[in-house]
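The values are calculated or read from the model by the stated rules, or taken from the named source; none is laboratory data. Not measured: the values here are computed from a predicted model. Here the Cβ positions follow ideal geometry from the backbone for every residue, glycine too, while neighbour counts run over all protein chains shown.
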Amino acid sequence: MAKNQLPDDFKPPPDHFYKGIRMPAQMPAASLDAAREMEIRDDDIWVVTYPKAGTTWGQEITSVIMEGGDIEKVKKTPLLERVPYVELGPIDQIPATHKFVDAMPRDVPRLIRTHVPYDLMPKQWHEKKPKTLYVARNPKDTAISGWQFTKINYYLETVENFSDFFPKFIEGDVIYGSWFDHNLGFWQHRHEPHILFVKFEDMKKDLKGQMIRIADFYGRPLPEDKIEECVEHCTFDKMKKNPMSNYSAAPFLDHKKGTFHRKGEVGDWMNYFTVHQNEMFNSLFEEKMRGSGLTFDFEL
Ligand code: A3P
């Protein structure tokens, strides 16, 4: 049973703009500033995504790999304690996470999650270049997932109809700004040795193959005899049922309205996009991605 449910008439505090980018009140400017100025450790591991691109999935995979495939250990601690969301809080019951991150033990690598775009990554991150996993998801499914999330996240203004979310998404007038800018920002640096660019759709197609790839990138290959169990642990069905990774007790979600793990599919956008929205989106995608070489599977 979820704890800390907020009252039914709870109104989300207004968003704010941080360096021109729309941000929810859960990520106050002071915390975003603190994250930019934070000390980076050479052995940090960063998990970076545009919201709803598979952050939680990337965090769980990273955590499993860095614990050497010790699932029992991973299952003992909530995901946000294993891989904290550095710019989150303070707000209501949620403390300032950057303080927790600064105080993490130095004898093991810290695992840290953020959604900030490339240019707003911590200053020392740009200098020290710690290993960074970037998970990217096709923008149509990302948009649908983001829209649906406004209905269960107390701190986001609920958008009932996709027709109201769509124009905001394509204009980048959504939290953390433009999907295009965010993805291209990291894609342009994908050949640098400290960055691994992984696609949600590739994880759906071959979770084991992508987990092996990520583990190799971290320099922590999964033990042969544990691979199958680790892959199973990171499937949608297992993560949805795992109280340590499904946010079933998260104070920022209205658990009466839905679950964090919604569908986890590729192509759900087809249930919502109108023909006109799709045509409009395709031409925008072509224009923005032209020459970048960045492509996605929009269905499997
Ligand atoms: P849907 O809303 O399409 O279901 P984030 O963690 O970045 O907020 O992304 C959340 C999205 O990733 C949700 O998408 C969620 O269901 C999906 N997801 C989380 N874990 C997953 C997994 N193991 N496999 C597939 N999708 C997953």
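What to note about this one:
- Residues that are out of contact with any Leu (no Cβ under 7 Å at 6 or more places or on another chain), of a type in the set (K, R), under 28 Å from Q148 (Cβ atoms) and free of Cβ contacts under 8 Å to residues at least 12 places away in the same chain do occur in the range 218-238.
- In the range 61-78, residue farthest from the ligand (Cβ to nearest atom) [restricted to those that are surrounded by fewer than 24 Cβ atoms within 10 Å (Cβ to Cβ) and hydrophobic (A, V, I, L, M, F, W, C)]: M66
- Being at pLDDT 95 or above, surrounded by 15 or more Cβ atoms within 10 Å (Cβ to Cβ) and either closer than 15 Å to Y176 by Cα or small (G, A, S) (or both) holds for only one residue in A35, A25, and it is A35.
- Some residue of the range 263-280 being closer than 23 Å to F10 by Cβ, touching a residue at least 60 places away in the same chain (Cβ under 8 Å) and out of contact with any strand residue (DSSP E or B) (no Cβ under 9 Å at 6 or more places or on another chain): no
- Top-ranked residue in the range 266-299 [being within 12 Å of the ligand (Cβ to nearest atom) and not hydroxyl-bearing (S, T, Y); ranked as farthest from W57 (Cα to Cα)]: N271
- Taken together, the residues in the range 263-290 that are out of contact with any helix residue (DSSP H, G or I) (no Cβ under 6 Å at 6 or more places or on another chain) and of a type in the set (K, R) amount to 2.
- Every residue from the range 37-60 that is farther than 12 Å from R137 by Cα and either in a loop (DSSP other than H, G, I, E, B) or near the ligand (Cβ under 8 Å from one of its atoms) (or both): M38, E39, I40, R41, D42, D43, D44, T56, Q59, E60
- Within this structure, Q93 passes the test of being away from the ligand (no atom under 16 Å from the Cβ) and in contact with a Pro (Cβ under 7 Å, 6 or more places away or on another chain).
- Residues that are surrounded by fewer than 17 Cβ atoms within 10 Å (Cβ to Cβ) and assigned to a loop (DSSP other than H, G, I, E, B), drawn from the range 268-277: T274
- Residue list for the range 185-214, restricted to those being aromatic (F, W, Y) and in a loop (DSSP other than H, G, I, E, B): none
- One residue from V101, V159 being surrounded by 21 or more Cβ atoms within 10 Å (Cβ to Cβ) and either over 21 Å from A250 (Cβ atoms) or not small (G, A, S) (or both): V101
- For first residues located in the range 177-203 and without any contact (Cβ under 8 Å) to a residue 24 or more places away in the chain, partners that are part of a strand (DSSP E or B) and surrounded by fewer than 17 Cβ atoms within 10 Å (Cβ to Cβ) and lie 6+ apart or on another chain with Cβ distances below 9 Å do not occur.
- Candidates K226, K263: the one that is more than 11 Å from the ligand (Cβ to nearest atom) and either surrounded by fewer than 18 Cβ atoms within 10 Å (Cβ to Cβ) or at pLDDT below 95 (or both) is K226.
- Residue check for P251: closer than 28 Å to L88 by Cα, part of a loop (DSSP other than H, G, I, E, B) and away from the ligand (no atom under 11 Å from the Cβ): yes
- Of all residues in the range 185-210, those satisfying the criterion of being buried (at least 16 other Cβ atoms within 10 Å of the Cβ) and touching a Leu at 6+ places or on another chain (Cβ under 7 Å) are W187, L196, V198, E201, K204.
- Residue pairs whose Cβ atoms lie under 7 Å apart, sitting 6 or more positions apart in sequence or on different chains, and linking a residue in the range 50-61 that is farther than 16 Å from P243 by Cα and charged (D, E, K, R) to a partner that is more than 6 Å from the ligand (Cβ to nearest atom) and part of a helix (DSSP H, G or I), are K52/T142; K52/G146; K52/F149.
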